[in-house]
Amino acid sequence: MKQLQNFDFLNLNAIYRQGGHYAPRLGTDWRYEGNHTFCQNKFYFVVGGTFEISIDGVDYTARPGDWFFIPADVPHKYHNFPDKPMEKYWMHFDLYPSSDLLSPLNVQHRVNASNTPRVTELFREFADLCQNWDIYSRLRVKAIILELIAEYIRLAGKHTQIVNDDRGEEIRNVLSYINENFRRNLTIEELAEVCHLHPTHFIRAFKLKTAQTPHQYINDIRMEYARQLLDRSDRSIVEIAEDAGFYDPAHFSRAFKRHFAMTPTQYRNNTLPQDR
């Protein structure tokens, strides 16, 4: 039985990036070859037709009812058969405090949800809502992602036992400190002092709790803050970069593109990458 930290799942947050329903016309060539990796997690849920997909070196023939989970940064490739129909729901999402959060579960990359109508209902509702950006739709999409994650784990047959850890309170204090000070240049020594640990012990404890290094966690906080500013303000990219803790706009743009697979300007103009 796998053991997970109580802290990790109490703080789980799912962020929707893009997705919807996809049913290409016959003759459409949908493919990505080579060692393709993506910076966000993916769900593909097949509701019609067939296609081929390979995830982390394992080949699958996708058929109706198959549900695929492709974790962030895991190599995969796929292609359809242009003369055959295919229909699927797709979703890109991030998990916080770490996109790596499900790794300890070692969940398989494919489950079958043919006998689970609730999964179809959730994906259908998600596709209807994901193009709307009112408050209800955003909150409901977040709730759907979390429910789908729970359903996927259940179908994969993984059972978890929640356990406590004696460093939980100290790391929670550090996370609060980071959230209040992420715009500054935070050093490992400064963060370690917050929880009264030696820097080496602090890094080990932090990664055990969050599955990230302190640098990765701070970068995620900065990226999400910058994304919200791009959504909600008309401030310049330079101003947003500085407010998010990046004093070199070019460095900010490169970091943003690595994180979201698009530049800040593309994000603001709603120019989404053509990756389904």
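Has region 138-150 got any residue that is over 17 Å from the mean Cα position of the chain (by Cα) and acidic (Asp, Glu)?
The answer is no, given that none of the residues of region 138-150 is over 17 Å from the mean Cα position of the chain (by Cα) and acidic (Asp, Glu).
Does at least one position in region 142-157 carry a residue that is exposed (fewer than 15 other Cβ atoms within 10 Å of the Cβ), within 21 Å of ARG17 (Cα to Cα) and among the hydroxyl-bearing types (Ser, Thr, Tyr)?
No: region 142-157 contains no residue that is exposed (fewer than 15 other Cβ atoms within 10 Å of the Cβ), within 21 Å of ARG17 (Cα to Cα) and among the hydroxyl-bearing types (Ser, Thr, Tyr).
So which strands (runs of 3 or more DSSP E) stay within region 12-74 end to end and still have 3 or more residues that are closer than 20 Å to PHE256 by Cα and within 20 Å of the chain's Cα centre (by Cα)?
In region 12-74, 13-22 are the strands (runs of 3 or more DSSP E) which contain 3 or more residues that are closer than 20 Å to PHE256 by Cα and within 20 Å of the chain's Cα centre (by Cα).
Which count do you get for residues in region 198-219 that are of a type in the set (Ser, Thr, Tyr) and either touching a residue at least 60 places away in the same chain (Cβ under 8 Å) or farther than 12 Å from ILE188 by Cα (or both)? Walk me through it before giving the result.
Kept after step one, since they are of a type in the set (Ser, Thr, Tyr), are these residues of region 198-219: 200, 210, 213, 217.
Narrowing the set further to residues that are either touching a residue at least 60 places away in the same chain (Cβ under 8 Å) or farther than 12 Å from ILE188 by Cα (or both) leaves 210, 217.
So the answer is 2.
With respect to PHE51, is the statement that it is of a type outside the set (Gly, Ala, Ser) and at pLDDT 90 or above true?
Values: of a type outside the set (Gly, Ala, Ser): yes; at pLDDT 90 or above: yes.
When the stated conditions are applied, PHE51 passes them.
Could you grab me the full set of residues in region 206-264 that are within 24 Å of TYR177 (Cβ to Cβ) and among the acidic types (Asp, Glu)?
Hits for region 206-264 are ASP220, GLU224, GLU242, ASP243.
Assuming MET86 fulfils every condition listed in (1) modelled with pLDDT under 95; (2) over 25 Å from ARG227 (Cβ atoms); (3) in contact with a strand residue (DSSP E or B) (Cβ under 8 Å, 6 or more places away or on another chain) apart from one, which condition is it?
The failed condition is (1).
The values are calculated or read from the model by the stated rules, or taken from the named source; none is laboratory data. Everything numeric here is computed off the predicted structure, so don't read it as measured data. Please note: Cβ atoms are built from the backbone with ideal geometry, for glycine as well, and neighbour counts cover all protein chains shown.
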